[in-house]
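Following: one structure in structure tokens, then a few remarks.
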Amino acid sequence: MRSTTSRRLASAVAVLTLLSAAGCSSDQLSDAAPDGDTPTGTVTIEHALGSTSIDRAELGPDPRIVTLTAPAADAALSLGIQPVAFASDTTGAADGRYPWQTELAADVPLIPVPVEGTLPIEEIASYAPDLILADFAASTPTLYDQLTALAPTIPVIGDTVSPYDALTRALGTALGRDDDADTVIAGTETALADAAAELPGLGGKTALLSQYIPATQQLVVVADPDDGASAFYQKLGMTLPPIELPATAGNRLVVGPERVDVLNSDLVIILVNGGTAAELETLPGWSDLPSVRSGGMLITDYATIVALNTPSPSSLTYALGKIRPMLESIAS
């Protein structure tokens, strides 16, 4: 569910092999700013393509940050930083903004998402970035190298998509604001923990995130519990059901509609990408799915799928509010 949702999920299958999720490390003994001054020293951000060294002194107190995905923009906004430009697809909204990004200023320019597998390097360079939060937009060494030639770049952290908290932590480390990043993440952790406590019936239930693409006759399923898009369910006490079919690549499963039976969970949150719900509901075997029989099938909108599929602390908080009625139904 990248550039468009279909390209995002499909390309996520092909772009990365299984790389170890990594966090952030600091070469300093302390990240605290001395006497209120701008933090100094060099920090290292570990990621799927290696590591990025960032000189905090070069970033300065007001760094120019370009963000290339929704979670990257979310990370900046959560720390009170307006990106100098942001990239986004316009499938969900013409201005590229998602409902949870209300703090993104109207005058921040949108960088249109180009053809899959390319980036508008010259346009990005025109914003003179001090730091590029590229996330999965730089999921290959070639794209990463092109961006690194412009400014220190943080690409995808982990497999396919970054864990929901990874970019916020990375940016907090880069800026010497680890405590602020922790506070942001703790807010989402608390919201999810509270929901799990209020809905104990979710414990042990299974859940899947998916999309159906009528044009290509494909079902794409987040099938790996280590995928960054799976954490939402896990924090609510839910699990992914065992899926025996091998993924075509990486950790996303792509099958034809004749294998709709892979959606064998108590809860399924699914987008019909480029079609109607009726096209999904008429698939052979649809009415036999556990979620359909029990009322746990949620055919939802583009923004909610993006919020869950490429997560951030703010997007997961948004998604929790959107699907809370379904969660309450399943828990009871």
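List of remarks:
- Of all residues in the range 136-155, those that are without any contact (Cβ under 8 Å) to a residue 60 or more places away in the chain have Cβ atoms under 8 Å from Cβ atoms of residues that are small (Gly, Ala, Ser) and surrounded by fewer than 21 Cβ atoms within 10 Å (Cβ to Cβ), 6 or more apart or on another chain, in Leu143/Gly117; Leu150/Ala125.
- Candidate set: the range 294-317, residues that are more than 11 Å from the chain's Cα centre (by Cα) and not in a helix (DSSP H, G or I); chosen: the one farthest from Ala70 (Cα to Cα): Gly295
- Looking across the range 228-240, the residues that are under 18 Å from Thr188 (Cα atoms) and crowded, with 18+ Cβ neighbours inside 10 Å come down to Gly228, Ala229, Ser230, Ala231, Phe232, Tyr233, Lys235, Leu236, Gly237, Met238.
- Filter pass, Ser294 being crowded, with 20+ Cβ neighbours inside 10 Å, among the polar types (S, T, N, Q) and closer than 18 Å to Ile330 by Cβ: no
- In the set Ala12, Ala75, only one residue is at pLDDT 90 or above, buried (at least 23 other Cβ atoms within 10 Å of the Cβ) and out of contact with any Asp or Glu (no Cβ under 7 Å at 6 or more places or on another chain); that residue is Ala75.
Here's the yes/no breakdown for (1) out of contact with any Gly (no Cβ under 8 Å at 6 or more places or on another chain); (2) of a type in the set (Gly, Ala, Ser); (3) assigned by TED's automatic domain parsing to the domain that holds Asp227; (4) part of a helix (DSSP H, G or I):
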| position | (1), (2), (3), (4) |
| --- | --- |
| Thr91 | yes, no, no, no |
| Asp145 | yes, no, no, yes |
| Ala151 | yes, yes, no, no |
| Pro163 | no, no, no, no |
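- Taken over the range 215-242, residues that are touching a strand residue (DSSP E or B) at 6+ places or on another chain (Cβ under 6 Å) and in a loop (DSSP other than H, G, I, E, B) amount to 3.
- Annotation note: of Ile54, Ile132, Ile65, the sole residue that is more than 22 Å from Thr304 (Cα to Cα), over 19 Å from the mean Cα position of the chain (by Cα) and of a type outside the set (Lys, Arg) is Ile54.
- Unique residue being among the aliphatic types (A, V, I, L, M), surrounded by 20 or more Cβ atoms within 10 Å (Cβ to Cβ) and either touching a residue at least 40 places away in the same chain (Cβ under 8 Å) or within 30 Å of Pro257 (Cβ to Cβ) (or both) when the list is Ala193, Ala166, Ala215: Ala166
The values are calculated or read from the model by the stated rules, or taken from the named source; none is laboratory data. Just so it is clear, the model here is predicted, and its values are computed rather than measured. Note that we place each Cβ from the backbone using ideal geometry, even for glycine, and neighbour counts take in every protein chain shown.
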